[in-house]
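J.: Quick one: the structure is below, and I'll ask about it shortly.
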Amino acid sequence: MTHHIMMIAGETSGDALGADLMQALKRRENDIMITGIGGPKMTAQGLASIFPMSEIAVMGLKEILPRLPKLFKRVDDAVTHALAVEPDVMVLIDSPEFNHRVAKRVKAKRPQTKIICYVAPHVWAWRRGRAAKMRRYFDAVMAFLPFEPEVFETNNGPPCHFVGHPIVDRLEALEPLPDFAKKYHLKAHDVPLAVLPGSRISEVKELVPVFGQVLRYLDGRMENLRPIIPLVPHMADLVREKTANWPGKPIYVEDEADKFAAFQTARAALASSGTATMELALSGLPTVVAYNMGLMGDLLVRIMPVPSVVLVNLILDAPAMPEFLQDRCDAREIAPVMLEMLQNDEVNAHYRAMLAGFRPAMRQQGEKPADRAAGFTLSLI
């Protein structure tokens, strides 16, 4: 009997997750049909997308507002397809603005359809009431973060299952990593410091001046400091321009394998809050985190019912990465802590020991996240 799974991905990251899940499903089940919406990676796995994913891959109010009529039409199309083909299971990947609307309408018209939310919305951070609402139209959640099942249970959400985070696979696919010191001509006495001032214009403009002040403080108190700055393509020129006068002749890195090799080689890191902190934690690199979002950040920090905004600290339930947020995002506060992390062997080893638990915490034993997600998806049929 053919099993029919409908999948919807609404953006590039979801397309990659969907493609990995499609591969994992096919490894487990020969007689399977997958329909729905996806991008080039899911198409390469055999999906005939019912319309181009690019039509729903919009971000921010400015993009969404003028396209609302088209987006509502695409919600209609997705619901119509689901009701027509009657899939055994629907897997809706991230993109809550689109996917939750689809889930609500399909569940209302065909309650027996099993619907999975793949990538949990961050109800742990704000609006925890969303968990209980999701229970009305999702049968299950497949989560990336190990503490999310407990959060959903506490807040009366749908059953939530930790499947592991694909970021671990991304790093392992790059190993063995290049010899960074040799490739970038580091000298034995150099002290490499990874510096990550963010991936958005607002972050870079806010953090580069602060990070520059930190580096000037460090440069005046230690010799041979070498900043290593990983670049993301859309921000590369801006970051190069704004950091060109930093002390220590910054090394710019654009290749992902080189980036992780830099993390493996560096003594410590100074980073914006975000996904980068998880990459640094996977590499076991002691890191100071700084971030300032102005008035909006003040509001979020006040309403977030969690002791830290750094995911690494929440996952490890420990202050594994010192954080300097909002008013504390100040070179005068950050620099002495950074200097201690760089110069004091005991302090550096203390943070490395805390971070050693991060990689095992991000993967369920034995299986890759996509394989675990595939097994759970098939279990609902």
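The values are calculated or read from the model by the stated rules, or taken from the named source; none is laboratory data. Treat the numbers as computed from the prediction; the structure is a model and nothing was measured. All Cβ positions, glycine included, derive from the backbone under ideal geometry; neighbour counts span all protein chains shown. The accessibility values were calculated without ligands, DNA or RNA, using every heavy atom of the protein model including side chains. Shrake-Rupley method; radii C 1.70, N 1.55, O 1.52, S 1.80 Å.
J.: Ala84 is checked against (1) within 23 Å of the chain's Cα centre (by Cα); (2) open to solvent by 70 Å² or more (accessible area, probe 1.4 Å); (3) at pLDDT 95 or above; (4) not aromatic (Phe, Trp, Tyr) and fails just one. What number does that condition carry?
T.: Going through the list (1) within 23 Å of the chain's Cα centre (by Cα); (2) open to solvent by 70 Å² or more (accessible area, probe 1.4 Å); (3) at pLDDT 95 or above; (4) not aromatic (Phe, Trp, Tyr), Ala84 breaks only (1).
J.: Filter the strands (runs of 3 or more DSSP E) completely within the stretch 217-298 down to those with at least 3 residues that are touching a strand residue (DSSP E or B) at 6+ places or on another chain (Cβ under 7 Å) and surrounded by fewer than 24 Cβ atoms within 10 Å (Cβ to Cβ).
T.: Qualifying strands (runs of 3 or more DSSP E): 225-230, 251-253.
J.: Taking into account only those residues within the stretch 117-167 that are aromatic (Phe, Trp, Tyr) and open to solvent by 10 Å² or more (accessible area, probe 1.4 Å), which is nearest to Arg105 (Cα to Cα)?
T.: Tyr137
J.: Just for helices (runs of 4 or more DSSP H) wholly inside the stretch 302-381: which have at least 2 residues that are in contact with a strand residue (DSSP E or B) (Cβ under 6 Å, 6 or more places away or on another chain) and among the basic types (Lys, Arg)? Can you show your working first?
T.: On the way: elements: 311-316, 331-343, 345-355, 358-361, 369-379.
Qualifying helices (runs of 4 or more DSSP H): none found.
J.: For residues that are at pLDDT 95 or above and among the charged types (D, E, K, R), scanning just the stretch 337-370, find the one that is most open to solvent (accessible area, probe 1.4 Å).
T.: Checking each candidate, the answer is Glu346.
J.: Acidic (Asp, Glu) and either in a loop (DSSP other than H, G, I, E, B) or in contact with a Lys or Arg (Cβ under 6 Å, 6 or more places away or on another chain) (or both) - does that describe any residue in the stretch 198-208?
T.: Scanning the stretch 198-208 turns up no residue that is acidic (Asp, Glu) and either in a loop (DSSP other than H, G, I, E, B) or in contact with a Lys or Arg (Cβ under 6 Å, 6 or more places away or on another chain) (or both).
J.: Looking only at the stretch 172-207, which residues are crowded, with 19+ Cβ neighbours inside 10 Å, under 30 Å from Tyr118 (Cβ atoms) and touching a helix residue (DSSP H, G or I) at 6+ places or on another chain (Cβ under 6 Å)?
T.: Hits for the stretch 172-207 are Leu196, Gly198.
J.: Picking from Pro286, Pro233, which residue would you name as being closer than 28 Å to Leu145 by Cβ and without any contact (Cβ under 8 Å) to a residue 24 or more places away in the chain? Before you say what the answer is, go through the steps one by one.
T.: Details: Pro286 fails: without any contact (Cβ under 8 Å) to a residue 24 or more places away in the chain.
That would be Pro233, the only listed residue that is closer than 28 Å to Leu145 by Cβ and without any contact (Cβ under 8 Å) to a residue 24 or more places away in the chain.
J.: Restricting the stretch 1-31 to residues that are at pLDDT 95 or above and touching a Lys or Arg at 6+ places or on another chain (Cβ under 8 Å), which is surrounded by the fewest Cβ atoms within 10 Å (Cβ to Cβ)?
T.: My answer is Ala24.
J.: Please go through the stretch 306-329 and give me each residue that is buried (at least 20 other Cβ atoms within 10 Å of the Cβ) and without any contact (Cβ under 8 Å) to a residue 12 or more places away in the chain, ordered by number.
T.: Asn313
J.: Determine whether the stretch 254-274 contains at least one residue that is under 16 Å from Leu207 (Cα atoms) and among the acidic types (Asp, Glu). Give the derivation first.
T.: Within the stretch 254-274, the subset under 16 Å from Leu207 (Cα atoms) is 269-274.
If we keep only those that are among the acidic types (Asp, Glu) as well, we get none.
So far as the stretch 254-274 goes, no, none of its residues is under 16 Å from Leu207 (Cα atoms) and among the acidic types (Asp, Glu).
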